[in-house]
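Please treat every number below as a calculation from the coordinates, not as lab data. Keep in mind that this is a model prediction, so the values were computed, not measured.
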Amino acid sequence: MPSFLGMDLRGHLDLLLLATLHRTGPAHGYALITALRDRSAGAFDLPEGTVYPALHRLERDGAVTSSWDGGSARRRRIYALTPAGEAALVAKRAQWREFSKGVQAVVGRLAAGAAAGPATGGAAG
């Protein structure tokens, strides 16, 4: 699967992180990066420099909380969804469904139109 690292993930990164946290439960940042990469078959192999600032922003916005895990040899910050984060996930999933339906409607029409050739009936120039 191709990597979407070069694509603009603004607006979608929060959904990806919230959904991954929902699926994994509380986890440290690197575990979230790994889970996101594994779940997407490598399509979202995101660098720490993309993920950690997004997690910090989600924490500032109240969607996630974090705490230090002292149980391992290395201190790690563990992130968890808050009730506000769960609500944001529900809302972002609904927004994504509507967005993807719109994209599919356009892309599906383009693909069908491209296979059939150019549209006729319009004014020739």
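So for the range 13-95, averaging the separation of alpha carbon pairs under 8 Å that are six or more residues apart and normalising by length, what relative contact order in percent results?
On the way: 99 pairs, mean separation 27.9, N = 83.
So the answer I get is 34 percent.
Quick check: from the Cα gyration tensor, does the range 13-95 come out rounded (a/c under 1.5), prolate or oblate?
Numbers: a/c = 1.77, a/b = 1.17, b/c = 1.52.
It comes out oblate by the Cα gyration axes.
Tell me which residues come under 5 Å, amide H to amide H, from Val64 once H is placed; ignore anything under 5 positions away on its chain.
Distant-sequence amide H within range of Val64: Glu59, Thr82.
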